[in-house]
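Please treat every number below as a calculation from the coordinates, not as lab data. Remember, predicted model here, so these are calculated numbers, not experimental data. Cβ atoms come from the backbone with ideal geometry, glycine included; neighbour counts cover every protein chain shown.
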Amino acid sequence: MSQYKFPQPTSFLLEEEPRKLYISWSDGHETVYDWERLRWACPCAWCAGEGGLPGVLASKKSLNREETTLVNIEPVGRYGLTPVWEDGHHTGIYTYEKLRALCECDECRKKRME
């Protein structure tokens with residue numbers, strides 16, 4: 001592991017069908033993310049809100065295909081990744097800590113319960 005507290009991605013793969021993002025981590029862990037779930041978890045001020053005010057996602061019941069189609073992933077420094085969505089949205093920085101917290105594998109769920 002590097003000087004940073006959380007493992008870093010060593011590779012990622014965007015798979016159009018079944019609309020998944022696969023990340024391999026420096027600690028050997030592998031995570032699979034559903035594109036729509038990632039978009040709902042967008043941490044940017046526009047989507048998630050800020051200053052006690054809700055973001056736009058708080059008022060939505062569903063997202064369209066363009067909003068949930070991942071076209072690229074861009075690294076942000078040594079601490080995060082920014083998804084680029086088909087609708088042009090690209091301001092959400094998912095820290096490595098947040099990405100690992102979103103992992104739904106049995107191992108990660110168990111760790112969160114402890």
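Brief remarks follow.
- Near pairs, Cβ below 7 angstrom, 6+ apart or cross-chain, from region 54-79 (on the phi < 0 side of the Ramachandran plot) to any residue that is of a type outside the set (A, V, I, L, M, F, W, C) and part of a helix (DSSP H, G or I): Leu63/Glu36; Leu63/Arg39; Glu67/Arg39; Thr68/Glu36; Thr68/Arg39; Tyr79/Tyr96
- Test: residue in region 6-14 that is exposed (fewer than 12 other Cβ atoms within 10 Å of the Cβ), more than 17 Å from the chain's Cα centre (by Cα) and among the hydroxyl-bearing types (Ser, Thr, Tyr): no
- When Phe6 is tested against (1) more than 16 Å from Thr95 (Cα to Cα); (2) in a loop (DSSP other than H, G, I, E, B), just one condition goes unmet, and that condition is (1).
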